[in-house]
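Below is one structure; the comments refer to it alone.
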Amino acid sequence: DAMVIQNPRYQVTQFGKPVTLSCSQTLNHNVMYWYQQKSSQAPKLLFHYYDKDFNNEADTPDNFQSRRPNTSFCFLDIRSPGLGDAAMYLCATRSRLGNQPQHFGDGTRLSIL
Amino acid sequence: SQQGEEDPQALSIQEGENATMNCSYKTSINNLQWYRQNSGRGLVHLILIRSNEREKHSGRLRVTLDTSKKSSSLLITASRAADTASYFCATVNSGGSNYKLTFGKGTLLTVNP
């Protein structure tokens, strides 16, 4: 089935050690998103791509970077993770057509030691 | 930023009962969407309702939209234990990016067997 796949499901890293989270999609959607979700909160948008056009949210820390080398793949890089970055990271995609929902992966749970 | 507010924040019912969750928002919208999130998983799209629509059904789900009151409701009929999840409303706001969702804080629904 077409889907959004996030790897790994669980990631543990050390304080300050760079980490990369991965997302791939088989939907061929133009738009890809990265969200951060902390316990009992709504997802918070970090940034999104329309094709290769990168759109950063104003309050996304510089510590968070992203790459989209092609339509299918998108990466979230956290350059120097702090304890406050422990969260679930969700990737989502959307068609460019109007009035369409977003399709989410199952997320990567990031823990910081 | 979040503009949606779900009500109630938590709801506990018995299997077979109906569950109603409400969502209010502040700005004009293009559409409103409801998502479900099981614990530790990604969000799953349930229903999208456009601003010119008043009601939509999908299986046991019924969504209403009142743009004059800037509110929406999600009704789950004949609930099942498997319906236990967090439910989020999210809006695509008029005048903003068609590709960004503004999420509410969510309702945690518990259906007791």
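The single condition among (1) of a type in the set (V, I, T); (2) away from chain A (no Cβ under 12 Å); (3) under 22 Å from A:K44 (Cβ atoms) that B:T107 does not satisfy is (2). Within segment A:55-72, take every residue that is outside any loop (DSSP other than H, G, I, E, B) and polar (S, T, N, Q) and give me the one that is surrounded by the most Cβ atoms within 10 Å (Cβ to Cβ). Result: A:S66.
Condition check: crowded, with 16+ Cβ neighbours inside 10 Å, within 24 Å of B:N38 (Cα to Cα), away from chain B (no Cβ under 14 Å) and of a type in the set (D, E). Does A:D106 satisfy that? Reasoning before the result, please.
Values: crowded, with 16+ Cβ neighbours inside 10 Å: yes; within 24 Å of B:N38 (Cα to Cα): yes; away from chain B (no Cβ under 14 Å): no; of a type in the set (D, E): yes.
Taking the combined requirement at face value, the residue does not satisfy it.
Restricting segment B:44-95 to residues that are of a type in the set (K, R) and within 13 Å of chain A (Cβ to nearest Cβ), which is nearest to A:R94 (Cα to Cα)? This residue is B:R50.
Among the residues examined, A:N30 does not qualify as over 18 Å from A:L110 (Cα atoms) and loosely packed, with under 15 Cβ neighbours inside 10 Å. All conditions but one from (1) facing chain B (nearest Cβ under 8 Å); (2) surrounded by fewer than 16 Cβ atoms within 10 Å (Cβ to Cβ); (3) assigned to a strand (DSSP E or B) apply to A:A92; the one that does not is (2). Only a single criterion out of (1) away from every other protein chain (no Cβ under 14 Å); (2) in a loop (DSSP other than H, G, I, E, B); (3) surrounded by fewer than 19 Cβ atoms within 10 Å (Cβ to Cβ) is not satisfied by B:I13, namely (2).
FYI, it's all coordinate maths here, none of it is from the lab. This one's a predicted model, so the numbers in the text were calculated from it and none came from an experiment. Backbone-built Cβ (ideal geometry, glycine too); neighbour counts: all protein chains shown.
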